[in-house]
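To start, the structure itself, in structure tokens.
Only the coordinates and a few stated rules stand behind these numbers; no lab work does. Not measured: the values here are computed from a predicted model. As a convention, Cβ positions derive from the backbone with ideal geometry for all residues, glycine included, and neighbour counts pool all protein chains shown.
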Amino acid sequence: MAANASPFYELYRRSSVGRTLMDTLDELIGERRIEPQLAMKILSHFDRSITEVLQDKVKARMTFKGHLDTYRFCDEVWTFLIKDVTFKMDNTSVHADKVKIVSCGTKKD
């Protein structure tokens, strides 16, 4: 692993809160209010924090059923494309035409 590489995945940067954070950091850099190095450090902290919070605080369980369209395993990351999916949690069901699930193993130091 490179000296500056984060031990956490950047996966959650594509979430709505991650995209909003990146847009805000880009704006601050564009206005010369922060340096790009600070923005990278903030994103690294975001990667760590969101991973730890989701791992420690989220206890909900959900099941889903659908038709597996495509799957692949590359660089220790599984990607599943599922069609006609029904998610069930507690007494609630949600249907989606297509879902992409990305699964990454935990990184070890």
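The residue among 101, 66, 79 whose Cα reaches farthest toward the positive pole of the charge dipole of region 63-104, with charges on the beta-carbon of Lys, Arg, Asp and Glu, is 66.
Give the Debye-formula value of log10 I(q)/I(0) at each listed q (0.19, 0.22, 0.28 Å⁻¹), with one equal scatterer per alpha carbon of region 63-104, two decimals each. Log-scaled intensity ratios, in q order: -0.57, -0.70, -0.91. Relative to the longest principal axis of the Cα atoms of the chain, the long axis of helix 16-30 makes an angle of roughly 20 degrees.
Counting only alpha carbon atoms, the long axis of helix 36-57 and the longest principal axis of the chain meet at about 30°. Computed per residue of the chain from DSSP H runs no shorter than four, each worth -39500 (n - 2.57), the mean residue ellipticity at 222 nm is -11500 deg cm²/dmol.
Ordering 40-52, 81-93 by mean Cβ neighbour count within 10 Å, with the highest value first, yields 40-52, 81-93. By the compact-protein rule of thumb, 2.2 N^0.38 Å, the alpha-carbon radius of gyration of the chain corresponds to a ratio of 1.32.
Here the dipole of the chain is about 340 debye; that uses its Cα centre as origin and unit charges on the Cβ of Lys and Arg (positive) and Asp and Glu (negative). Only lysine pairs 8 or more places apart or on separate chains count here, and in the chain those with Cα atoms under 17 Å apart total 9.
Only Lys, Arg, Asp and Glu count, each charged at its Cβ (+1, +1, -1, -1), so figure out the dipole size of region 63-104 about its Cα centre, rounded to 20 debye.
Values: 6 positive and 6 negative charges, 23 e Å.
Using Cβ point charges on Lys, Arg, Asp and Glu, region 63-104 gives about 120 debye.
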